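Take a look at the structure below.
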Amino acid sequence: MVDVSDKPPTLRTAIARGHIQMTKETFDLIKQDKIKKGNVLTVAQVAGIQGAKSCSQLIPLCHPIGLTKASVAFTMSDDLPLGHRVDIEAHVRCKGETGVEMEALAAVSAAALTVFDMCKAVSKDMRIGGIRVVEKSGGKSGRWTSDE
């Protein structure tokens, strides 16, 4: 790991996004809360938060960070040319010496993987994609926003 002990603690934030595409049948079952394993978006939200909190256990050189906020939200989109999908957005925050981009990415990834796991009995034809950091703030480099 990189030594961050000389850095002053600052407020650090990151927002990450991604999505999971699926069949209309799977999409409708999620919307109607009829997936046999339970409420997909509620379980995926908890999994995403847990993913953010566990990031340093998954990524070998990632610092363990005391997060002050981790949230995951979903938007169901069925009017896209790409078909039916669940859009995922994670917001992560801490006051510390290093950023929380990896934690935000881990949150989106864990949430998407949980949607896949809970719905694979209906259809394995799902695609996880578009996972990226869209905004970060804090530290020496300040604020950054993607051009999307």
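Figure legend. Inter-residue proximity from the stretch 82-100: first residues among the hydroxyl-bearing types (Ser, Thr, Tyr), second residues assigned to a strand (DSSP E or B), beta-carbon distance below 8 Å, spacing 6+ or different chains. Indicated pairs: THR98/ARG12. The residues listed here are GLU89, GLU97; of these, the one that is in contact with a Pro (Cβ under 9 Å, 6 or more places away or on another chain) and among the charged types (D, E, K, R) is GLU97.
Output the helices (runs of 4 or more DSSP H) that fall wholly within the stretch 15-76 and possess 1 or more residues being open to solvent by less than 40 Å² (accessible area, probe 1.4 Å), touching a residue at least 40 places away in the same chain (Cβ under 8 Å) and closer than 26 Å to VAL2 by Cα, or say none. Reasoning before the result, please.
On the way: elements: 24-31, 40-53, 55-58.
It comes to 40-53, 55-58.
Which residue is nearest to GLN21 (Cα to Cα), if the candidates are limited to the stretch 113-148 and must be outside any strand (DSSP E or B) and touching a helix residue (DSSP H, G or I) at 6+ places or on another chain (Cβ under 7 Å)? Applying the filter and picking the extreme gives MET126.
The values are calculated or read from the model by the stated rules, or taken from the named source; none is laboratory data. These numbers come from a predicted model, not from an experiment. Cβ atoms come from the backbone with ideal geometry, glycine included; neighbour counts cover every protein chain shown. To get the accessible areas, we keep the full protein, side chains included, count just its heavy atoms, and leave off ligands, DNA and RNA. Shrake-Rupley method; radii C 1.70, N 1.55, O 1.52, S 1.80 Å.
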